[in-house]
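Inspection log for the structure reproduced underneath, given as structure tokens.
The values are calculated or read from the model by the stated rules, or taken from the named source; none is laboratory data. If you're wondering where the values come from, they're calculated on a predicted model, not measured in any experiment. Cβ coordinates were reconstructed from backbone atoms using ideal geometry, including for glycine residues, and neighbour counts include every protein chain displayed. Note: areas computed on protein heavy atoms with side chains; ligands, DNA, RNA excluded. Shrake-Rupley method; radii C 1.70, N 1.55, O 1.52, S 1.80 Å.
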Amino acid sequence: MNTMGEPSVSGVPEESDATRNYLEYISALQRDWDEAETRGDDSVQTSSRVRAALSQVVRADVRHGARVTMPATDAGPYSLSELALRTLIRDAVDAVPGAMSLRTDMDYADSPEWGARGLPERVRCRVSLSAASRDLRALADDVRASVVSECVRELDLGGLAVDVHIEDLHD
């Protein structure tokens, strides 16, 4: 018997004694766990405290959204939550006199990490603008410039495309 996991005469690697022992140990653990669970043994049941803690973590994760990859800094790579990014953009829109942020959508580059988003590539700002404005197009351009400026200043996100959709007019 080959104990090094090298191909046998048939070309299929043989399992080493250590691998077989490990797999038998795992199978025995799974059988014991299943039997204890079938008997209703409390030692294999999730406590209400653990379930509550897991629920809290999941709710917080949903509120904050996925992690968004940001350009690396001198201190190294970092990410921030979608909530933080949306908040920065909403504040940039609301900083323009006569503009109010209604909703923000983003397109992201692909991310190799599970549960994360790549760099933001496009932002769509849905806004309400002042009906008293003489030039809605210029006001929309001011919103765009404000978002671009804040994203560059705060996050070093240059080259970000920003679309402004006027959805409402307010007094």
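Residues in segment 31-169 average 65 Å² of solvent-accessible surface per residue, probe 1.4 Å, ligands and nucleic acids excluded. Each label point was placed 7 Å from the Cα along the Cα-to-Cβ direction; for residue 91 and residue 54 their separation is 3.6 nm. Backbone amide hydrogens, once placed in the peptide plane, bring residue 117 within less than 5 Å of 67, 68, 69, excluding anything fewer than 5 places away on its chain. Build a GNM of the chain with springs between Cα atoms under 10 Å apart, and of 20, 59, 124 the one that fluctuates most is 20. Heads up, I need the accessible area for residue 83: 1.4 angstrom probe, whole protein in place, Å², nearest 10. Answer for residue 83: close to 80 Å² accessible. When a 1.4 Å probe is rolled over the protein heavy atoms, the share of accessible surface on segment 50-171 that falls to carbon and sulfur comes to 51 percent.
Out of every Cα-Cα pair in segment 106-171, what percent are more than 13 Å apart? List each step's numbers first, then the result.
Details: 1441 of 2145 pairs.
Tail of P(r) above 13 Å: 67 percent of Cα pairs.
For residue 157, the residues 5 or more places off, or on other chains, whose built amide H falls under 5 Å of its own are 152. Cα-based values for the chain, radius of gyration first and Dmax second, are 27.4, 88 Å. Can you pull out the GluC sites (Glu not before Pro) in segment 78-167 whose DSSP state is coil and whose Cβ has at most 15 other Cβ atoms within 10 Å? Answer by residue number: 113.
If R0 is 45 Å, the Cβ-Cβ spacing of residue 121 and residue 41 corresponds to a FRET efficiency of close to 0.30.
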